[in-house]
Amino acid sequence: MTAVIEVRGLTKKYGDQTVVDGISFNVDQGEIFGILGPNGAGKTTAVECLTGLRRRDGGEVRVLGLDPKRHSQRLYQRIGVQLQESQLQDRLRVAEALDLYASFYPHPADCRGLLDRWGLGSKGGTPFAKLSGGQKQRLFIALALVGNPEVVFLDELTTGLDPGARRATWDLIRQIRDSGVTVVLVSHFMDEVEELCDRAAILEQGRIAALDTPAGLVDLAGGEYQMRFRPTAPLDEGVLLLLPGVSSVTRHGAQVTVTGTRDFASAVTADLARRQVIVADLRIEGRSLDNAYVTLTGRSLETS
Amino acid sequence: MNGFTKLALVEGRLFLREKFAVFGIFAFPVALVVAFGLIPGFSKPQKSLADQIGTEYIAGLGIAIVLVSLGLQVVPTIIAQYRERGILRRLAVTPVRPLTLLVAKMSVWAVAAILSVALIVSVARFAFHVPLPVKPGWFVLSLLLGIASLFALGMLVTAVAPTARSATGLGVALYFPNMFLAGIWIPANQLSPGLQQAGNFTPLGAMLHAVRDSWMGIDPRLEYLGIMAAWTLVAGTLAARYFKWDRA
């Protein structure tokens, strides 16, 4: 793996307030890298320093080997950016917008194909102002990809999309990654990062609180899983407590709930199988980055 | 096709889609010329207008209204909107610079202004027998300096106004005094000497004097051209110095 983005001690201040405080990370080629955190954590500012929209106050940044501070023009030919809360001219039509942006790049993508892939095939003649929130969002993703970039930066990718469109968007982002493009994803949605990212950094007050794979972040936080089932034969709960990783066993009527960490679930199911106890309504829950996030940062995303 | 040409073509198309703006810039001044031109005897020199042909005088007013509307209403409102809506910012992360969009946009408006003036002059000539500008070179130069100075002032308004709303407000606040001092509502020669003098120093007032004189065959006084050039230089430099590319 080669790093396409290298960040060392990146610092950005607004006045005497340090918004990004000496963060360091690498993004490897072909991965989806998430930057997660509450509003005001410095996510957008950090990414703006990577794309050259803002000038950093300290540290070193290389994107595709280029310093965004000095070689932004060369960089813009090779990256695609989707900005948060951006608009286009009201009367600019979808196909015109894509065609216009395609003309800026040396090796643009096929506009027709992009429109179809992003579900805008029938909207080519629609003015920007007449698009729904979700359609606008998809247009901006298409615009970020129209230059056939090597790295795409997506800020709040699925804001304004309905659940179906979010899933579809995630699939398309995976396809982009599979075609070799590196994706940097800024998000405050846990499920999105968990679903999509190969690795993610949790940003907290301008610093990286943790950086790992989504599963690694959950483990790091010691996140507990819950397993619930209904045994079809009598079961001695005390025996389950002795299994590795299991921390508690409770029973509500016919339903047994086992809590534990890491591989406890396979230990429990193996043990039940050995004793020929068949279970019904088996559910495993709580494997969530949400909980891990609260543990790692000491607060929840919703309340911050 | 390079970024500028492409942007200018797209912005030209967007301009034509704004029916209200197109009406204001092409149909309104022509309607003004036709309405006054139809008054019996108005297409002869008028004593009250320093012997200028009445219709020619009105055509000059039409040109002034087109330029000041573009410069002090359209330019600040639209450019500030482009900034506020993040259009300039979005362009900043492409290989094309946001400045290219501003220049493309100004070019579209400048071409619209020139076409509108050509239309006004043609209607006056062919419908009402008003002679073509007698000093065409001075006429064109006065027109171009008028466009440059009013657009520069409009850009200065955009540069100092933090929002699209305030840019529009500030533009309007300059629009009406400029029109008054230039003699759009009351002929300038009926204003008090002090106000006349003040009007001469505004870009619109200077432009109107220079355009009228060259239309009638008088070489425009160099002060008028100098005043427009100075406004262009000063307002343009300040605008470039204080322009913010991103919303506040």
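The values are calculated or read from the model by the stated rules, or taken from the named source; none is laboratory data. Since the structure is predicted, the reported quantities are computational estimates derived from the model, not experimental observations. Glycine also receives a Cβ, built like all others from the backbone with ideal geometry; neighbour counts cover every protein chain displayed.
Structure notes:
- Test for A:Asp99: is it facing chain B (nearest Cβ under 9 Å), touching a Cys at 6+ places or on another chain (Cβ under 7 Å) and either farther than 17 Å from A:Val151 by Cβ or in a helix (DSSP H, G or I) (or both): yes
- A:Ser132, sole failed condition from (1) small (Gly, Ala, Ser); (2) surrounded by fewer than 18 Cβ atoms within 10 Å (Cβ to Cβ); (3) out of contact with any Lys or Arg (no Cβ under 6 Å at 6 or more places or on another chain); (4) within 14 Å of chain B (Cβ to nearest Cβ): (4)
- The residue pairs whose first member lies in the stretch B:125-140 and is touching a residue at least 12 places away in the same chain (Cβ under 8 Å) and farther than 19 Å from B:Ala210 by Cα, whose second member is assigned to a loop (DSSP other than H, G, I, E, B) and hydroxyl-bearing (Ser, Thr, Tyr), and whose beta carbons are closer than 9 Å, counting only pairs six or more residues apart or on different chains, are B:Phe128/B:Ser43; B:His129/B:Ser43.
- Residue tally, condition buried (at least 17 other Cβ atoms within 10 Å of the Cβ), within 19 Å of B:Leu70 (Cα to Cα) and under 16 Å from the mean Cα position of the chain (by Cα), over the stretch B:211-244: 6
- Residues of the stretch A:247-285 satisfying the condition of being without any contact (Cβ under 8 Å) to a residue 40 or more places away in the chain, surrounded by 15 or more Cβ atoms within 10 Å (Cβ to Cβ) and assigned to a strand (DSSP E or B): A:Val249, A:Val256, A:Thr257, A:Val258, A:Thr259, A:Gly260
- Residue match in the stretch A:283-292 (condition: over 27 Å from the mean Cα position of the chain (by Cα), at pLDDT 70 or above and not small (Gly, Ala, Ser)): no
- Condition met for A:Val19 (aliphatic (A, V, I, L, M) and touching a Lys or Arg at 6+ places or on another chain (Cβ under 6 Å)): yes
- Residue in the stretch B:21-35 that is touching a strand residue (DSSP E or B) at 6+ places or on another chain (Cβ under 8 Å), more than 14 Å from chain A (Cβ to nearest Cβ), surrounded by 13 or more Cβ atoms within 10 Å (Cβ to Cβ) and farther than 23 Å from B:Leu144 by Cβ present: no
- Filtering the stretch A:39-67 to residues that are more than 19 Å from the chain's Cα centre (by Cα) and either basic (Lys, Arg) or part of a loop (DSSP other than H, G, I, E, B) (or both) leaves A:Gly52, A:Leu53, A:Arg54, A:Arg55, A:Arg56, A:Asp57, A:Arg62, A:Leu64, A:Gly65, A:Asp67.
- Residue within the stretch B:99-110 that is basic (Lys, Arg), more than 30 Å from A:Tyr76 (Cα to Cα) and within 11 Å of chain A (Cβ to nearest Cβ) present: no
- Single residue of the stretch A:104-115 satisfying the filter (within 20 Å of B:Ala104 (Cβ to Cβ) and surrounded by 19 or more Cβ atoms within 10 Å (Cβ to Cβ)) that is farthest from the other protein chains (Cβ to nearest Cβ): A:Tyr105
- The criterion of being in contact with an Asp or Glu (Cβ under 6 Å, 6 or more places away or on another chain) and more than 14 Å from chain A (Cβ to nearest Cβ) does not hold for B:Pro131.
- The condition of being surrounded by 15 or more Cβ atoms within 10 Å (Cβ to Cβ), out of contact with any Leu (no Cβ under 8 Å at 6 or more places or on another chain) and under 17 Å from B:Leu72 (Cα atoms) holds for B:Ala164.
- Residue in the stretch A:68-87 that is closer than 24 Å to A:Thr169 by Cα, free of Cβ contacts under 8 Å to residues at least 12 places away in the same chain, assigned to a helix (DSSP H, G or I) and within 14 Å of another protein chain (Cβ to nearest Cβ) present: no
- Hits in the stretch B:115-160 (condition: crowded, with 16+ Cβ neighbours inside 10 Å and polar (S, T, N, Q)): B:Ser116, B:Ser142, B:Ser149, B:Thr158
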